[in-house]
Amino acid sequence: MFDLKGNEEPDTRSEEECFPNIDTGIEVAGDRVLVQLRREKSTSKGGIILVDETRQTLRFNETVAKVVQVGPLAYRNLDTELTPWPEGPWCKEGDLVRTIKYGGDRFVVSPDDEGAPVVFITLQAREIISRIKSFEYAQKMKAFVD
């Protein structure tokens, strides 16, 4: 959600810093979608190093994500002949999206760059709430709605 009062500062990290390229070692099945949550910040907008408890809260409250994999049955009619949804897929690999805050199968991967752990979620395809138009819009979005 955009901060209409102007109190929030945009996330100035690069897309690579927010979504590092990490091999999860899995492939999603069926109508599932694998997303990578935006990596939590290690410092506040004022430059203060955030304590681990705060970082963990940010990590698991995040709803901005990048689509990593789309299962072979995602966005298909499962009760018929597996025809594609009339409106087409809601997302594709590489898209930035908003996801549900709770749910899905969450797991954490420690990256090789010694940075903060990265959270992945395997969701049902319908749990992708919306597509984000660009990384610039994603930078302006809070981790979650208060």
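Just to be sure before I move on: is residue 101 touching a Phe, Trp or Tyr at 6+ places or on another chain (Cβ under 7 Å) and of a type in the set (Lys, Arg) in the structure I sent? Full working, then the answer.
On the way: touching a Phe, Trp or Tyr at 6+ places or on another chain (Cβ under 7 Å): yes; of a type in the set (Lys, Arg): yes.
Yes, satisfied.
Condition test on residue 80, is it among the polar types (S, T, N, Q) and not in a strand (DSSP E or B)?
Working: among the polar types (S, T, N, Q): yes; not in a strand (DSSP E or B): yes.
Considered against the rule, which asks whether it is among the polar types (S, T, N, Q) and not in a strand (DSSP E or B), residue 80 comes out as yes.
I'd like to check something: does segment 54-66 contain any residue that is among the aromatic types (Phe, Trp, Tyr), at pLDDT 90 or above and under 24 Å from residue 29 (Cα atoms)?
Within segment 54-66, the first condition is being among the aromatic types (Phe, Trp, Tyr), and the residues that meet it are 60.
Restricting the remaining residues to those that are at pLDDT 90 or above gives none.
No, segment 54-66 contains no residue that is among the aromatic types (Phe, Trp, Tyr), at pLDDT 90 or above and under 24 Å from residue 29 (Cα atoms).
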Q: For segment 115-130, name all the residues that are out of contact with any helix residue (DSSP H, G or I) (no Cβ under 7 Å at 6 or more places or on another chain), surrounded by 15 or more Cβ atoms within 10 Å (Cβ to Cβ) and assigned to a strand (DSSP E or B).
A: 118, 120, 121, 122, 123, 124, 128
Q | Pairs with Cβ under 8 Å, 6+ apart, first in segment 1-25 and of a type in the set (Asp, Glu), second at pLDDT 70 or above and not in a loop (DSSP other than H, G, I, E, B) | A | 3/140; 8/140; 11/18; 11/138; 11/139; 11/140; 15/135
Q | Search result, residues across segment 1-24 that are at pLDDT 90 or above, among the acidic types (Asp, Glu) and within 15 Å of the chain's Cα centre (by Cα) | A | 15, 16
Q) Within segment 87-106, which residues are loosely packed, with under 13 Cβ neighbours inside 10 Å and either acidic (Asp, Glu) or not in a loop (DSSP other than H, G, I, E, B) (or both)? A) 87, 93, 105
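I'd like the full set of residues that are under 21 Å from residue 132 (Cα atoms) and either among the acidic types (Asp, Glu) or surrounded by fewer than 15 Cβ atoms within 10 Å (Cβ to Cβ) (or both), limited to segment 60-85.
Going residue by residue through segment 60-85, those that are under 21 Å from residue 132 (Cα atoms) are 60-71, 74-75, 85.
Matches in segment 60-85: 62, 85.
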Q: Just one of (1) surrounded by 13 or more Cβ atoms within 10 Å (Cβ to Cβ); (2) out of contact with any Lys or Arg (no Cβ under 9 Å at 6 or more places or on another chain); (3) in a loop (DSSP other than H, G, I, E, B) trips up residue 112, so point out which.
A: (1)
Q.
With in contact (Cβ under 8 Å) with a residue 60 or more places away in the chain and farther than 9 Å from residue 33 by Cα as the only criterion, which of 103, 88, 115 stands out?
A. 115
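The values are calculated or read from the model by the stated rules, or taken from the named source; none is laboratory data. Everything numeric in this text was worked out from a predicted model, so none of it was measured. Virtual Cβ from ideal backbone geometry, glycine too; neighbours counted across all protein chains shown.
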